[in-house]
């Protein structure tokens with residue numbers, strides 16, 4: 001097996017590693033990282049001067065790229081009966097998962113919930129006019145950036161590559177020789193892998209309650225908040241989705257996780273994706289597209 | 001089918017699957033016939049305290065109706081073929097020194113497989129050594145390889161990251177971050193990792209600790 005070219009940079013709030021087999025034209029990896037960086041900065045809510053922050057303040061107009069993302073988010077919102085909601089940003093800010101995670105009071109949660117809900121989004125021309133509502137694409141911006149990066153690689157003729165952005169994975173083609181890429185699913189409780197997926201030309205994303213959480217009085221509070229209740233979604237330890245694009249895998253993993261086991265399975269079937277579900281008791285179940 | 005022809009087919013099957021194991025070092029193999037290989041493998045896994053079966057090729061995958069690996073426990077490559085006719089039960093155990101008498105060491109699994117009776121499927125199970133060579137963790141800082149840690153020796157290691165210090169601990173072949181200068185300590189909360197491509201990541205420090213090894217190309221989390 002030939003040696004791949006591997007590069008890692010820190011973007012999108014995590015590590016982004018790209019592994020490419022075959023000849024790599026000069027400048028391709030730079031272009032790859034440049035595109036990922038562009039999206040990372042554009043949709044970063046942490047930065048007050050990012051496009052998304054300005055959009056949320058009604059300072060700039062909705063551009064074509066963001067309209068595309070919003071349309072996609074609406075699709076997933078509809079499909080998940082509101083479990084996946086890009087206006088959950090305000091709630092995330094309250095819980096402080098990006099800065100100082102803490103348990104907010106029920107009153108604080110109730111108050112913030114009045115600003116959560118895609119149906120509350122208002123526009124004045126092409127600028128946001130719903131004060132207090134925060135559009136947040138972090139539920140799938142990573143996946144989107146990975147897809148855009150993959151597009152750069154494909155356009156430059158690369159036919160065998162693996163992109164890993166903090167556990168969101170997208171593979172191009174197969175490994176040299178035709179073997180599928182083997183992607184493990186992390187055990188949500190403890191070391192090791194619980195399952196190996198063999199994929200080609202696909203994306204794999206996982207939402208889990210073990211990545212970003214805090215514990216208080218013996219209860220785990222994690223970052224996958226249910227926009228309908230204001231509290232972390234219960235029902236799963238982790239959800240892994242295999243899809244054609246990373247954006248889809250990313251969004252659906254979050255949507256299914258928040259929706260819970262019953263609705264989650266329905267979502268996977270309706271979206272026609274393969275999903276590996278590990279429920280709150282650690283039981284693993286797989287859903288396949290075309291399975292009834 | 002004469003016993004000699006059968007053995008030739010069995011060894012041929014072993015040879016075909018051996019292409020994947022070159023240089024890895026075999027621990028042993030079991031070859032047996034079965035009328036219901038999927039069921040037999042499930043039972044065998046139970047008898048042996050857990051097997052993680054990895055189909056050796058497309059045909060095996062197809063016959064077992066498996067899309068990836070299955071189960072957990074000792075890794076075993078499984079190579080399955082349908083024979084042109086049913087054959088009498090024939091079971092061969094091969095250890096590191098050649099063909100072994102199963103009644104001495106594997107009496108339980110042997111008697112289970114014997115009860116299987118006649119079968120149309122030839123199953124070859126090959127057990128790989130846990131690791132050919134020492135298990136190692138690699139520490140990357142700012143995208144560059146900074147340290148290699150031998151996981152066979154318990155110990156503590158210090159890593160200088162972008163913002164400060166991280167302390168890693170190796171214990172019984174696993175590694176974890178016990179301390180870190182970062183605020184959120186997500187790296188510490190990750191706990192122990194043990195499988196190739198599992199990672200402990202500290203973003204503020206720009207540190208990635210991962211286990212070296214083949215078998216996987218990535219881990220989704």
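Just wondering, is there one or more residues in the stretch A:86-97 that are surrounded by 20 or more Cβ atoms within 10 Å (Cβ to Cβ), closer than 20 Å to residue A:12 by Cβ, touching a helix residue (DSSP H, G or I) at 6+ places or on another chain (Cβ under 8 Å) and modelled with pLDDT of 95 or more?
yes
Within the stretch B:192-214, take every residue that is facing chain A (nearest Cβ under 7 Å) and part of a loop (DSSP other than H, G, I, E, B) and give me the one that is nearest to residue A:199 (Cα to Cα).
B:197
For residue A:230, state whether it is touching a strand residue (DSSP E or B) at 6+ places or on another chain (Cβ under 7 Å) and farther than 28 Å from residue A:148 by Cβ.
The answer is no for residue A:230.
So, residue A:215, is that one facing chain B (nearest Cβ under 8 Å) and either modelled with pLDDT under 95 or in a strand (DSSP E or B) (or both) or not?
No, not satisfied.
If I ask for residues that are surrounded by fewer than 16 Cβ atoms within 10 Å (Cβ to Cβ) and in contact with a helix residue (DSSP H, G or I) (Cβ under 8 Å, 6 or more places away or on another chain), which ones from the stretch A:267-284 would you list?
A:270
Answer yes or no: is there a residue in the stretch A:48-69 that is in contact with a strand residue (DSSP E or B) (Cβ under 9 Å, 6 or more places away or on another chain) and either under 30 Å from residue A:174 (Cα atoms) or assigned to a helix (DSSP H, G or I) (or both).
yes
(1) under 22 Å from residue A:278 (Cα atoms); (2) in contact with a helix residue (DSSP H, G or I) (Cβ under 9 Å, 6 or more places away or on another chain); (3) surrounded by fewer than 22 Cβ atoms within 10 Å (Cβ to Cβ): which one isn't true of residue A:224, the others all being true?
Going through (1) under 22 Å from residue A:278 (Cα atoms); (2) in contact with a helix residue (DSSP H, G or I) (Cβ under 9 Å, 6 or more places away or on another chain); (3) surrounded by fewer than 22 Cβ atoms within 10 Å (Cβ to Cβ) one by one, residue A:224 breaks only (3).
So how many residues does the stretch A:4-18 have that are without any contact (Cβ under 8 Å) to a residue 40 or more places away in the chain, out of contact with any helix residue (DSSP H, G or I) (no Cβ under 8 Å at 6 or more places or on another chain) and within 7 Å of chain B (Cβ to nearest Cβ)?
2
Here are some conditions: (1) at pLDDT below 90; (2) not in a loop (DSSP other than H, G, I, E, B). Residue B:187 meets all but one. Which one does it not meet?
Unmet condition: (1).
Which numbered condition trips up residue A:204, out of (1) within 20 Å of the chain's Cα centre (by Cα); (2) without any contact (Cβ under 8 Å) to a residue 60 or more places away in the chain; (3) surrounded by fewer than 24 Cβ atoms within 10 Å (Cβ to Cβ); (4) within 8 Å of another protein chain (Cβ to nearest Cβ)?
In the conditions (1) within 20 Å of the chain's Cα centre (by Cα); (2) without any contact (Cβ under 8 Å) to a residue 60 or more places away in the chain; (3) surrounded by fewer than 24 Cβ atoms within 10 Å (Cβ to Cβ); (4) within 8 Å of another protein chain (Cβ to nearest Cβ), residue A:204 misses (3) alone.
Can you say whether residue A:209 is more than 21 Å from residue A:113 (Cα to Cα), touching a strand residue (DSSP E or B) at 6+ places or on another chain (Cβ under 6 Å) and touching a residue at least 24 places away in the same chain (Cβ under 8 Å), as far as the supplied structure shows?
yes
What's the number of the condition residue A:167 fails, among (1) at positive phi; (2) out of contact with any strand residue (DSSP E or B) (no Cβ under 8 Å at 6 or more places or on another chain); (3) crowded, with 19+ Cβ neighbours inside 10 Å?
Condition (2) is where residue A:167 drops out.
What helices (runs of 4 or more DSSP H), lying completely within the stretch B:1-120, carry at least 2 residues that are within 14 Å of chain A (Cβ to nearest Cβ) and at pLDDT 65 or above?
B:58-64
Taking the condition of being within 18 Å of residue A:275 (Cβ to Cβ), at the interface with chain B (Cβ under 7 Å from one of its Cβ atoms), assigned to a strand (DSSP E or B) and within 20 Å of the chain's Cα centre (by Cα), how many residues in the stretch A:160-194 meet it?
5
Can you find a residue in the stretch B:168-177 that is part of a loop (DSSP other than H, G, I, E, B) and either outside the structural domain of residue B:76 (by TED's automatic domain parsing) or at positive phi (or both)?
yes
The values are calculated or read from the model by the stated rules, or taken from the named source; none is laboratory data. Please read all numbers here as calculations on a predicted model, not as lab measurements. Don't worry about glycine lacking a Cβ; one is built from the backbone with ideal geometry, like all the others, and counts go over all protein chains shown.
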